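In what follows, a structure is listed as structure tokens, so that the remarks can point back to it.
Read the figures in this text as sums done on the coordinates, not as results from a lab. All values reported here derive from a predicted model rather than from experimental measurement. Counting neighbours? That spans all protein chains shown, and the Cβs are built from the backbone with ideal geometry, glycine included.
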There are 2 protein chains.
Amino acid sequence: MVDIATRVWNHKWKIDPIVRSLIDTDFYKLLMCQSVFRNKPDTQVTFSLINRSSHVPLAKLIDEGELREQLDHIRTLSLTRGESTWMRGNTFYGKRQMFRPDFMDWFENLRLPAYHLERVGDQYELTFEGNWPEVMLWEIPALAVLMEMRGRAVLNEMGRFELQVLYARAMTKLWEKVERLRQVDGLRIADFGTRRRHSFLWQDWCVQAMTEGLGDGFVGTSNCLIAKNRDLEAIGTNAHELPMVYSALAEDDAALAQAPYDVLADWHEEHDGNLRIILPDTYGSKGFLDKAPDWLAGWTGIRIDSGDPAEGAEAAINWWKSRGEDPRQKLVIFSDGLDEEKIIELSKQFRGRVRTSFGWGTLLTNDFRGLTPDDRLAPFSLVCKAVAANGNPTVKLSDNPNKAMGPKDEIERYKRVFGVGEQTAQKVIV
Amino acid sequence: MVDIATRVWNHKWKIDPIVRSLIDTDFYKLLMCQSVFRNKPDTQVTFSLINRSSHVPLAKLIDEGELREQLDHIRTLSLTRGESTWMRGNTFYGKRQMFRPDFMDWFENLRLPAYHLERVGDQYELTFEGNWPEVMLWEIPALAVLMEMRGRAVLNEMGRFELQVLYARAMTKLWEKVERLRQVDGLRIADFGTRRRHSFLWQDWCVQAMTEGLGDGFVGTSNCLIAKNRDLEAIGTNAHELPMVYSALAEDDAALAQAPYDVLADWHEEHDGNLRIILPDTYGSKGFLDKAPDWLAGWTGIRIDSGDPAEGAEAAINWWKSRGEDPRQKLVIFSDGLDEEKIIELSKQFRGRVRTSFGWGTLLTNDFRGLTPDDRLAPFSLVCKAVAANGNPTVKLSDNPNKAMGPKDEIERYKRVFGVGEQTAQKVIV
């Protein structure tokens, strides 16, 4: 029996929208958005798309008109009643009313601001300018749209059964990872793969497969829409954009040196428990931890997002010890370029020494490597970052020089201010 | 949107019937049925299930009550108007009215006769007795029911995503075979996998995948229902049951020696062109061909269904040459335990020397080997054969002693009458 109404409904769409909800985004974006809304609402920021994989000619693969249609569709979205109810009524990290009424009132009336799109060679220049709390919400949907449109460009040339087999292969590949992860005692892992997912439906499938395959070991997803639809925990804390923008606003070197701690001081006031996670690497983890105030050592954990993850975790353990804390009570969250082998290795390495948790991103939701000829569906390194705040360029150094961003002279200044010495380059996979 | 009517409809079924149509069977069964209906309608035959894989404890895996429900359901089936129209109106092998009005009138009123089912140890004894044209139609649905119920017993213990990944793996496996077969120039291949398929839906999927993947190289399916639904050619000619029953009816050794040729004489009268395919191995191919009348050398081709396939094809080529025929105009159909490697090898080996075609059975529609722990979904060797005709036991020798069936003394008698010497044993895979 064909459900005629469903079929007619599906054919009424002018386009097949990739992002269909304002909460089809990472939970930490909403947390940070609330913090920014409260502390720096009028900051003018510019976010910009950066394709670190220049061999992927996005402007050749993706039609500009179709890209505009997708972005325009996102600008029509507003928070639905059910989404608002979920955000207002849900328990996040065991806490009710994580999102306060004044923020929710603002968010309910929000539409995403204008974008600037221009083709430059084989790439797109895509930028967003305006008030920080609004502009920042473009990051995840913009990335998801570009990743999925690039995928569609490849999928469009495939036959019906070829497509089914493609997904069969992808499912098999993920399931085999899940089966290996299932062997790890006490594993705690979350989906962090929204931004560079193969597609929304695929991320949704991956999350459900993880739920069945790992049971309690799968602690949730960063994607709010999927968390809501699948009755899972929404997971996440904060990201580099906070220290990057705070630092860009600093008026002199002394204020700059202090800026990353100011971010966490604001956060400390707003959140407790599992949301108190330090992200130390924006301007070098070593200097950040050495100079950190003692109250930061009382926080729950540290997220390792660049550099060698084992070294980062060892450094965190040593730092906690040096501040009189018991690392076995602390949490290390690994979230940089993980795949299941690395997850298993790190999990074993730190068992009994520190609590560990894993934020598994691109290689959970977009590991289409090796599934098509010429690997045209392999994930690639696309980011969308704050590049300026109130007219000043932003800078990110991280613990991997290959991930550094910003004007050269500013990078040098930041290195000097934060005392960043020699760094080891790591290949950026995704 | 949930289609409520569909959902309610689906839940109305008391069981999930495995065979839902009288034409969910092999095309050659219907061709042979018509021949039997015309030539030997009153012959009393017994068909019996034989599980050659005694390590698969069917009676432990399959509930007797559920098996009866499935078999009883098949007894409620009758030819639908659309199915009758398809059989009456379709072109088979380029010929209209392949099925004659008197046969169709009979078939339209047919219900399958009673069955006898009894548990004996860990196996079932399942037999069918009665008029040959009716009883013979049990073979394919009985096998399909047992194969699919054994599969369901395994599938019932699997989780939702585990199931999806199982099928993902099976799809990938088949598609990789299709991709390799696609490389073979001039390949002609058909689905012969109804009787030992994993399930109806899976066979239907395999047929569609072959259609997309191989294009014109995929010449059709032996399954009439799928041929009808998917608008494909129904493929097949005749099988061992004809010479086996004709031989059992022979009154003395002289008549026995003649029986296999009597079968083909009847067939010769009824069919021409591509339906004139010799199946020489029932009582040894060598003797059969050596003693064959000259008019048989004029037939279109030979089907190789036991023994070493390359040797069988060489023997056929030599036989045609010895009878003054040009083998390049002749067709060799390989149909015994094929998988894609053997298909590719045989195709290359005989290119330019004889036309080849492949009837791909169990390893097309049921290659679930290696897809579950303990290989509990691997296909196994289940057959349903005519074991008696008018009170006499039947015998099959074939070119592989492991496939011989019948009482020991009768086997010896047949070997003597047909002059079968030393044979090479071949492993029976499926």
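Observations on the structure shown:
- Converting phi to 3J(HN,Hα) with the Karplus coefficients 6.51, -1.76 and 1.60 and the offset θ = phi - 60°, region B:164-175 yields 5, 5, 4, 5, 4, 5, 5, 4, 4, 4, 5, 4 Hz in sequence order, with x at every glycine or proline.
- Candidates B:Trp299, B:Trp86, B:Trp13, ranked by Gaussian network fluctuation over chain B, Cα under 10 Å, top entry: B:Trp13
- Shielding by other protein chains, A:170-179, mean Cβ within 10 Å: 4
- Bridgeable aspartates and glutamates around B:Lys385 (alpha carbons under 12 Å apart, same-chain partners fewer than 8 residues away excluded): B:Glu129, B:Glu139, B:Glu241.
- If you wrap region A:174-261 in the convex hull of its Cα atoms and look at it from every side, the mean projected area works out to 7.6 nm².
- Amide proton proximity set for B:Ser398, modelled H, under 5 Å, gap of 5+: B:Tyr283, B:Gly284
- Unit charges on C-beta of K, R, D, E only; dipole of region B:163-251, Debye: 380 debye
- Candidates B:Val420, B:Val395, B:Val45, ranked by Gaussian network fluctuation over chain B, Cα under 10 Å, top entry: B:Val420
- Between the residues A:Leu331, A:Pro309, A:Trp319, the greatest Cα displacement towards the positive end of the dipole of region A:292-334, with unit charges on the Cβ of Lys, Arg, Asp and Glu, is found for A:Leu331.
- Most mobile of A:Gly220, A:Gly391, A:Gly82 in a GNM of chain A (Cα contacts under 10 Å): A:Gly82
- Label-reachable residues, region B:237-269, where backbone N falls under 15 Å from a point 7 Å from B:Ile429's Cα toward its Cβ: none
- Distances between every pair of Cα atoms in the protein assembly as shown, grouped in 10 Å steps from 0 to the bin holding the largest one, split as 2, 11, 18, 18, 13, 11, 11, 8, 5, 2, 0, 0 percent.
- With the charge dipole of chain B set up from +1 on Lys and Arg Cβ and -1 on Asp and Glu Cβ about the Cα centre, the Cα lying farthest toward the positive end among the listed residues B:Leu363, B:Pro280, B:Pro41 is that of B:Leu363.
- Cβ-derived FRET efficiency at R0 56 Å, A:Arg81 paired with B:Glu64, nearest 0.05: 0.55
- Shielding by partners - mean other protein chain Cβ count within 10 Å, residues of B:154-164: 3
- Chain A, relative contact order in percent, only Cα pairs under 8 angstrom and at least six apart counted: 21 percent
- Neighbours of B:Val354, meaning other residues whose beta-carbon lies under 11 angstrom from its beta-carbon, give a summed charge of +3 when Lys and Arg score +1 and Asp and Glu score -1.
- With the convex hull drawn around the C-alpha atoms of region B:167-365, the volume per residue stands at 119 Å³.
- For B:Glu125, distant residues with modelled amide H under 5 Å away: B:Glu118, B:Arg119, B:Val120
- Highest to lowest packing among B:325-332, B:232-239, A:322-329, scored as the average C-beta count within 10 Å: B:232-239, B:325-332, A:322-329
- With Cα atoms defining each centre, region B:30-68 and region B:300-345 are spaced 29 Å apart in the structure.
- For A:Glu345, label point 7 Å along C-beta direction: distances to other copies, nm: 4.1
- Chain B: translational diffusion in µm²/s, Stokes-Einstein, Kirkwood Rh over Cα pairs, 37 °C, 0.692 mPa s: 147 µm²/s
- Its Cα centre serving as origin, the protein assembly as shown has a Cβ charge dipole (Lys and Arg +1, Asp and Glu -1) of approximately 100 debye.
- Dipole in debye (nearest 20) - region B:167-365, about Cα centre, beta carbon charges: Lys, Arg +1; Asp, Glu -1: 820 debye
- Region A:160-365: relative contact order in percent, alpha carbon pairs under 8 Å with at least 6 residues between: 24 percent
- Summary for A:Arg416: label point 7 Å along Cα→Cβ; distances to the equivalent points in the other copies, ascending, 11.0 nm.
- Residue-count net charge about B:Ile15 - beta-carbon cut-off 10 Å; Lys, Arg +1, Asp, Glu -1: -3
- Placing a label point 7 Å from Cα along the Cα-to-Cβ direction at B:Lys12 gives distances to the equivalent points in the other copies of 2.9 nm, listed shortest first.
- For the segment B:206-218, counting C-beta atoms of other chains within 10 Å of every residue's C-beta and taking the mean gives 2.
- Listed pairs A:Lys29/A:Lys177; B:Lys342/B:Lys403; A:Lys177/B:Lys173; A:Lys286/A:Lys427; A:Lys342/A:Lys408 exceeding 24 Å between Cα atoms: A:Lys29/A:Lys177; A:Lys342/A:Lys408
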